[in-house]
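In what follows, a structure is listed as C-alpha cells, so that the remarks can point back to it.
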Amino acid sequence: GEAARLAFESAFANDPKLPEAQLARGLHAVYVSTNLDQALADLGAVVNSRPNSAEAHSVLGLALRRSGRMAEALGHLVAAWNLDPLNELYAEGPYVTLRGLRRIPEAIAQLELRLARFPGDPFGYFVRAQLEARQRNSSEPLHAFLRDRGHLLDADARTISKIVIARFERRYLDVIRLLEENANDDPFVGALRIGCFYHAAGDAARAEESFLRAEALALELKQRSPRRVPLLLFATLQSMMGKHDEALVTVEAARAQTPEARDALNGPHVSFVRSVILVRAGRTEEGYGEAERLLRVPFGSPLDFVGPVNPIALAVKDDPKFDELINHPPRL
C-alpha cells in the first residue's frame, strides 16, 4: 500500500492529470485507504478521459456499489465486462449486484451470458442452479446441476454442492456429516458452523459441545493473533452460547468496522447478524425493526451476501418475523 502511494504521488508530481496516476490513486482509495470520495473523484475522471478502459469502469462500479449507488454501479460493471468480455475478473460484478438487488431473473440472464462466454466453467452453472432453486423453491435445479455438470467438478466442489443441497432441503445432520468428512474450514469456523447446524437439527447437547470447542479455538487464536478471529463470527458464537451482552458488544465493534454508510456491500450483512443477536438478547422490538428495515436495503437479506452465509441465520430459520427477509426478500 505505501509503495503504491509513493508511486502515484511521484507520477502526479510530473503530471497532475495523468490518467494512470489517477487510476492508481483510485485503486488505493478503494482497497487501502477506503476513501470513497477520493475513489469516486479519481475513477470518474479516468472513465471520462479513458471511456474504453474496462479496469476503470470496473473499479468505479465497485466504488459506487460500496457507496450505495447501485444503479450507477451496475452500468459501469456491465460496461467493464462488455469492453473485455473474455476477462473473468469482470464477470461477477453485474451478477453480484443484481443478486444484491434481488433481481433474480436479471441475475440469471447475466449468468447465461457468462455461460455463453465461458461454457466450460462449472461455477456459472452452479450459481444459476442456486438462483433457480431459490426462485422455484425447489432443490431440483441443484440436483440437475450435479447430475449434468458434476463431472466438471473436483471432489471439494462436489462436496460443496452436496452441502448446499442438504442445507436447502433442511437435512442438517447430512450437512454436518459432509462438513466433518471434508474439513476444509478454519477449525474455529468449522466448529461454529457445525454447532449451528446441530442447533438447527434440535440437538442442543452436541451444539453446546461444538460451541465450547469453537470458543476454545477462538480464545487460543486470539492469544496468538487477535485479528484472525472475525468479529462477526465471534459475536455469533457468543450469541449462540447465550452470552448476549458480550455478543452485543462484539457485534457493535463489527458494525463500527463495517458501517453501512461506508460499505453498502458488506455493511448490511453485519446489520442482519446484529438483528438476530438483538432478538436473541431479548431486544425483540429493535431486532425485528432492523429486519424490517433490511427488506428495503440492497444486500440486506443474508442470502444476498457474497461468500459463506453466516450460520446465525439458522437460529431464526423458523421465526416468521425473519421469514420474508431470509426466504422472500422483495425485489429492489
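The values are calculated or read from the model by the stated rules, or taken from the named source; none is laboratory data. Here the structure is a predicted model, which is why all the values come from computation and not from measurement. Glycine gets a Cβ as well: all are built from the backbone with ideal geometry, and neighbour counts include every protein chain shown. Note: areas computed on protein heavy atoms with side chains; ligands, DNA, RNA excluded. Shrake-Rupley method; radii C 1.70, N 1.55, O 1.52, S 1.80 Å.
How big is the dipole moment of the range 203-301 about its Cα centre under a simple scheme where the beta carbon of each Lys and Arg is +1, that of each Asp and Glu is -1, and everything else is neutral? Debye, nearest 20, please. Before the final figure, lay out each step's value.
Values: 14 positive and 14 negative charges, 74 e Å.
Dipole size: approximately 360 debye.
Please give the FRET efficiency for Arg228 paired with Ala205, using the beta carbon to beta carbon distance and R0 = 35 Å, rounded to the nearest 0.05.
Numbers: r = 29 Å, r/R0 = 0.83.
Result of the calculation: an efficiency of 0.75.
With an 8 Å cut-off on Cα pairs and a minimum separation of 6 or more residues, tell me the relative contact order of the chain in percent.
Details: 430 pairs, mean separation 37.8, N = 332.
The normalised contact order for the chain reaches 11 percent.
Among (i) 21.3, 67; (ii) 35.5, 135; (iii) 19.8, 60, which is the computed Rg and Dmax of the Cα atoms in Å?
Correct label, based on the coordinates given: (i).
Give, in nm to one decimal, the length gained when the segment between Asp319 and Asn184 is fully stretched (0.36 nm per residue of separation minus the Cα-Cα distance). It would help to have the intermediate numbers written out before the result.
Details: separation 135, 0.36 × 135 = 48.60 nm, distance 3.04 nm.
Using 0.36 nm per residue and subtracting the Cα-Cα distance, I get 45.6 nm.
Any of Lys243/Lys317; Lys162/Lys317; Lys162/Lys321 with alpha carbons more than 22 Å apart? Name them for me. Numbers along the way, then the final one.
Numbers: Lys243/Lys317 20 Å; Lys162/Lys317 20 Å; Lys162/Lys321 29 Å.
Violating the 22 Å Cα-Cα cut-off are Lys162/Lys321.
Give me the accessible area per residue for the range 260-332, probe 1.4 Å, as a whole number in Å². Walk me through the numbers on the way to the answer.
Details: 2950 Å² over 73 residues.
Per residue, the range 260-332 has 40 Å² of solvent-accessible surface.
In deg cm²/dmol and to the nearest 500, what is the mean residue ellipticity at 222 nm of the chain if only DSSP H runs of at least 4 residues count, each as -39500 (n - 2.57), divided by the residue total? Write down the numbers at each step before the final one.
Working: 18 runs with 232 residues, N = 332.
One gets -22000 deg cm²/dmol as the mean residue ellipticity at 222 nm.
If I fit a long axis through the Cα atoms of helix 172-181 and take the longest principal axis of the Cα atoms of the chain, what angle between them do I get, 0 to 90°, rounded to 10?
Rounded to the nearest ten degrees, it is 70.
Counting only other residues whose beta carbon sits under 14 Å from that of Ala116, what net charge do I get with K and R as +1, D and E as -1? Intermediate results must be reported in sequence, preceding the final value.
On the way: positive: Arg114, Arg117, Arg128; negative: Glu88, Glu112, Asp121.
It works out to a net charge of 0.
At a probe radius of 1.4 Å, what is the per-residue accessible area of Arg69, in Å² to the nearest 10?
Arg69 exposes around 100 Å² with every protein chain in place.
What does the net charge come to around Glu220 if you take all other residues with beta carbon closer than 13 Å to its beta carbon, with K and R at +1 and D and E at -1?
Details: positive: Arg213, Lys222, Arg224, Arg228; negative: Asp186, Glu215.
Result for the neighbourhood of Glu220: +2.
Please give the helix 122-136 orientation as an angle from the longest Cα principal axis of the chain, in degrees from 0 to 90, rounded to the nearest 10.
Approximately 60 degrees, to the nearest 10.
Out of the total accessible area of the chain (probe 1.4 Å, heavy atoms of protein only), what percent is carbon and sulfur? Walk me through the intermediate numbers first.
Numbers: 8210 of 15830 Å².
Carbon with sulfur: 52 percent of the solvent-accessible area.
Could you compute the net charge surrounding Val276? Neighbours are other residues with a C-beta less than 10 Å from the C-beta of Val276; K and R count +1, D and E count -1.
Working: positive: Arg274, Arg280; negative: Glu290, Asp319.
Taking every Cβ under 10 Å from that of Val276, the sum is 0.
Taking amide H positions as placed 1.01 Å from N in the peptide plane, with prolines and chain starts having none, which residues 5 or more places from Ala264, or on another chain, fall under 5 Å of its amide H?
So Ala264 has HN proximity to Ser67, Gly68.
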